[in-house]
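A short reminder: the numbers here are calculations on the coordinates, not readings from a lab. What you are looking at is a predicted structure, and each value in this text was computed from that prediction instead of being measured. Glycine also receives a Cβ, built like all others from the backbone with ideal geometry; neighbour counts cover every protein chain displayed.
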Ligand SMILES: [Fe+2]
């Protein structure tokens with residue numbers, strides 16, 4: 001369990017590091033992260049998993065909803081979502097279990113925030129996924 005926590009923490013740090021300095025995650029600059037961090041443009045070994053692992057980002061006013069269209073079962077589930085601002089600020093996180101109904105989480109952006117946001121989703125079998133959206 002500690003190893004999983006360390007991996008999740010490391011993954012979040014990696015995602016935050018990508019966000020710092022407005023480095024565009026979907027660019028070729030992530031090539032060193034192939035098969036570590038997965039994005040729509042960097043599917044690596046999980047190419048066939050994108051539809052059920054890349055989190056969708058929906059923005060309504062200052063409310064952001066992340067949703068990962070993934071089944072939730074004891075042995076295979078989405079472990080965690082985070083919403084991260086372009087400067088690496090973590091707006092919030094939600095941890096799920098295999099008994100959670102779905103992998104959906106909502107957050108409130110800081111008042112007046114404009115810029116890139118990153119939604120992350122971690123599957124216990126298919127690793128760390130990041131999507132981005134500009135508000
Ligand atoms: Fe999965």
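Quick rundown of the values:
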{"item": "Per-peptide average of other Cβ atoms within 10 Å, ordering 117-123, 66-72 highest first", "result": "117-123, 66-72"}
{"item": "Linear extension gain, residue 113 paired with residue 56, 0.36 nm per residue minus alpha-carbon span", "result": "18.6 nm"}
{"item": "Ranked packing of 124-130, 77-83, most packed first, by mean Cβ within 10 Å", "result": "77-83, 124-130"}
{"item": "Point-to-point label distance, residue 101-residue 124, nm (Cα→Cβ direction, 7 Å offset)", "result": "2.1 nm"}
